[in-house]
Amino acid sequence: MDLYAENILDHFRHPHRKSPLSHPTVELREKNPSCGDDIALTMQIEKDVIEEIGWEGEGCAISQAAMSMLADAVIGKTIEEAEALTAKDILAMLGVEVGPRRIKCALLSLHALRNALRKFQNLPPTPWRDILPT
């Protein structure tokens, strides 16, 4: 499969929900330390449900497309449902095989989401090792 499959390029060129929320209940910025990809995530959470999500970011097509896809996927989900998403779920959304050198690019969105939800709940951040597939 082509690393830059058409669905990835479409989300990269036309990202969904790529605009920060004006009054978020939680906001968080995450960077991929290995390549510099960057995502700033904002969410509106009401009664433990993700009502709205927005984001800004820079980086490769994989990191930006994954955030676009994940943003669509979590609207209306409870915190518990969103926290249950795994690396396998993100890789399935991308629909391409991602090698070890690009895995943090693909999972930056999940790392940002998890840490934003943890911040909302006043919990410590999740380390990368808990995001990466084993």
Worksheet, complete the sentence: Final fewest-first order of Lys104, Lys18, Lys47 on the 10 Å Cβ neighbour count is Lys47, Lys18, Lys104
Item to complete: Let me have the 222 nm mean residue ellipticity of the chain computed from DSSP H runs of 4+ only, each contributing -39500 (n - 2.57), with the sum over all residues rounded to the nearest 500.
Response: -12000 deg cm²/dmol
Discussion item. How would Met69, Met43 line up from fewest to most surrounding beta-carbon atoms within 10 angstrom?
Written reply: Met69, Met43
Fill in: Between the range 1-52 and the range 100-134, the Cα center-to-center distance that results, in Å
13
Practice prompt. Choose one of Ala82, Cys35, Ala116: the residue whose Cα lies farthest towards the positive end of the charge dipole of the chain (beta-carbon charges +1 Lys, Arg; -1 Asp, Glu; about the Cα centre).
Written response: Cys35
Fill in: Charged-residue dipole, Cβ positions (Lys, Arg, Asp, Glu), the chain about Cα centre, Debye nearest 20
400
Worksheet entry | Straight-distance crosslink candidates among lysines, where the alpha carbon sits under 16 Å from Lys104 and sequence neighbours closer than 8 are dropped | Lys31, Lys88
Item to complete: Taking the dipole about the Cα centre of the range 6-122, with the C-beta of Lys and Arg at +1 and of Asp and Glu at -1, give me whichever of Val26, Pro100, Gln64 is farthest to the positive side.
Response: Pro100
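FRET efficiency for Glu51 and Thr134, Cβ-Cβ distance as r, R0 = 25 Å, nearest 0.05?
Here the calculated transfer efficiency is 0.15.
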Discussion item. How charged is the neighbourhood of Leu91? Take every other residue with its Cβ under 13 Å from the Cβ of Leu91, and add Lys/Arg as +1 and Asp/Glu as -1.
Written reply: +1
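Can you check what the net charge comes to around Ile53, using other residues whose Cβ is under 13 Å from the Cβ of Ile53 (Lys, Arg +1; Asp, Glu -1)?
Values: positive: Arg17, Lys18, Lys77; negative: Glu27, Glu46, Glu51, Glu52, Glu56, Asp72.
The answer is -3.
None of the figures in this text is laboratory data; all of them are computed from the coordinates on show. Keep in mind the model is a prediction, meaning the values are calculated, not measured. All Cβ positions, even for glycine, are placed from backbone atoms using ideal geometry, and neighbour counts span all protein chains on display.
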